[in-house]
Each structure stands twice: as structure tokens, then as C-alpha cells.
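Single-structure report; data block below.
The values are calculated or read from the model by the stated rules, or taken from the named source; none is laboratory data. The model shown is predicted, which means the values in this text are computed figures rather than measured ones. Quick reminder, even Gly has a Cβ in these numbers, built from the backbone with ideal geometry, and neighbours come from all protein chains shown. For the accessible areas, the whole protein counts, side chains as well, though only heavy atoms, and no ligand, DNA or RNA atoms are used. Shrake-Rupley method; radii C 1.70, N 1.55, O 1.52, S 1.80 Å.
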Amino acid sequence: MTNELMQTIASRTVGELLTDYPVARDFFHNLNLPPLPMDKALEDALLIVSEEWLEEFGLRRFEIPEQLASFLQTMTAADALRAVSSLTIIGGQDKDGNPESAELQLRSGSVAAIVGPTGSGKSRLLADIECLAQGDTPTKRCVLIDGAEADEDMRFRMEGKLVAQLSQNMNFVMDVSVAEFLEMHMCSRSRGSETSLIQECFECANSLAGEKFTLGTKVTQLSGGQSRALMIADCAYISLSPIVLIDEIENAGVDRRNAVDILMRREKIVLISTHDPLLALGADLRIIIRNGGIYKILETSVREKESLHAFQEMDMLLGNARTKLRAGERLEG
């Protein structure tokens, strides 16, 4: 946290802090503090709170100003995340050092598909975006946020990250329920514990998963597809990260088209590494990777959009066949 923020908290009265930072009311409420004198500095105002009260709620008087500073810094970072509207990728070089003559900009609510043979460098592009590369990775690419280079705090801070990445393999190690997991994520992102938002996230996850689960299901009991569905819903409803990277969602056992549509409606910037024609043609553009470099950028044409309908019909037929097979039915006629 910044010394400037700590100095602000030390020099202003509780009333002034609440005027300048209205969200501080939530902080005091979450700590179950009694009403504090509005005309006193926070450290002096806290003197009215008895030691018994503090002990009951597991609080230490001298730590509260620092906790408030951390909370306000997190909320400031959250506001910055909500304000992000564009991601720009400036080309670097391929595996042989040949320059990438490429530059593209993606805006909120848009989807780009990253396509290319296995081993061509799709995951490397995702990694460059995840770390907001500034010419300091093997590809020498540069990633801009709203047209500007990201500073070190934006790139490396642990909280309020701009980018959420969903890998192919996801494993939970904490033996908590789905409800407890979502509550923990809400609290870690300073979003309280809004029951309605948790319910929305849970219902979204179940709409994406093949096999339904409950809020009481342990996350360690979730299948790979259910885990991915839960984290996609989390990215859409709870995470504030404006940029979402997904590695081969077609292998996740989830309703992939619906998942992408949900993220788009939540105004995320989505990039998907994929071999799936449905996802590739459903995206706004395709980034073709060859020999570790951006070989070509194609906007999805009108004719390709028309072809997409035929692929979707075939996919529905295959989907119905899979459902029958799983139910133990015969595929006859």
C-alpha cells in the first residue's frame, strides 16, 4: 500500500474519510465496529471501542488503519479494472527472429480466436498477454492497455489483476463446498458476500456444465468440465478482470459457445486458443500463429458467418448423439 494513503488516513477525520471514500462505510460495517466519532482521526476514534469488543471480533486496534488502507487500495484497483476498454497487441518476432508485421486492438465485448497447429506458439501468445509483455519475452511483443504501456504495479501486483487465465487442467485442493468457494472469492475481491451474485454465478456454471451440481458439492468432487464451468462463471460474474484468456475450451466438457457468449455479454475482452471451427468462426477475428509468430489476422467474413450455421447444425447432431450414448440409448435411424 502507498505511504500517501496511510498519511491520508492518519491526517483526516472519520467524517472526512467517509466523504472522500464512501466505500469505507462498507469496511467499517464488515468489521462490526460501533459508530465512530465523525470529528476525530481514525486512531483517536477507535479509542472508544473497548478491548472486549475488539477481542470478540478478532480485531487489533493498531492494525485497523492499515487494513483500511489495504481495502481502499484494492477498491481503487477494482475501479481501474472496470475502466479498461481496450487491449492492443504489437507484434514482435517469430521463433527465427523474423519480425511480426502485426498490430491489433480488441475492445470490451469482443472475442479473438487464436488458431494454428499444435506447437505453433498459441500458448506463448496467451502468456505474453497474461504478463502484459513489454518487449521482455522471447517474442519481443508489446501489450498495451487502453493504448498505454502497463507499469510494474499493473503487471505484477497479486491483487486486482487485469487478466484472468483459464488453463486446460484445473484441480482444486481445498475441501470446501461450491458455496464456500464462491464466498471466499467474493471476499478476496472485496465484494462482500452478496447472496444473489453467488446464486447467479452458480446457476451460470450449471448451465455450462454437462452434469449438474449443487452449492453444497465439494469442489474436490467436481469433474474437469464442472470445474471449468465454475471458473468460467466466476470470471463472468465475480472476477473484475476485464481480459479473459481461455486455452482450448472445446476440451473442457462445457457448453463452449454459451460460455463465450456469457463472457461477451459481461463486456470482457476474450481470447481463445482453439482448434474448433465453431469457436473460430464465431469470433470477431482470428489470429493465425505460425512458427511462433503472428502470421495473419483475419476478420470473420459474412460468408464464413453463413457457413457457421451449417457447422452449428452438424454440432447439434453430434451433441444429440453424445447425449444418447451417455444415457445408454442406441444410435439407430
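Some observations on this one:
- Picking from residues in segment 91-103 that are at negative phi and without any contact (Cβ under 8 Å) to a residue 12 or more places away in the chain, the one that is surrounded by the most Cβ atoms within 10 Å (Cβ to Cβ) is Pro99.
Results for (1) modelled with pLDDT of 85 or more; (2) more than 31 Å from the chain's Cα centre (by Cα), shown as yes or no for each residue.
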| residue | (1), (2) |
| --- | --- |
| Ile294 | yes, no |
| Ile297 | yes, no |
| Thr300 | yes, no |
| Met314 | yes, yes |
| Leu317 | yes, yes |
| Ala321 | yes, yes |
| Leu325 | yes, yes |
| Gly328 | yes, yes |
| Glu332 | no, yes |
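- Candidate set: segment 24-60, residues that are of a type in the set (Lys, Arg) and surrounded by fewer than 13 Cβ atoms within 10 Å (Cβ to Cβ); chosen: the one farthest from Val14 (Cα to Cα): Arg60
- Hits in segment 150-183 (condition: within 18 Å of Ser70 (Cβ to Cβ) and at pLDDT 85 or above): none
- Taken over segment 1-23, the residue count meeting the criterion of being in contact (Cβ under 8 Å) with a residue 40 or more places away in the chain, outside any helix (DSSP H, G or I) and either crowded, with 16+ Cβ neighbours inside 10 Å or in contact with a His (Cβ under 8 Å, 6 or more places away or on another chain) (or both) is 1.
- Residue within segment 104-125 that is farther than 30 Å from Ser301 by Cα, open to solvent by less than 80 Å² (accessible area, probe 1.4 Å) and not β-branched (Val, Ile, Thr) present: no
- So Ala310, is it more than 29 Å from the chain's Cα centre (by Cα) and of a type in the set (Gly, Ala, Ser): yes
- Strands (runs of 3 or more DSSP E) lying entirely in segment 54-121 (those with 3 or more residues that are at pLDDT 90 or above and of a type in the set (A, V, I, L, M)): 86-90, 111-115
- Filter result (surrounded by fewer than 16 Cβ atoms within 10 Å (Cβ to Cβ) and part of a helix (DSSP H, G or I)) within segment 204-224: Ser207, Thr220, Gln221, Gly224
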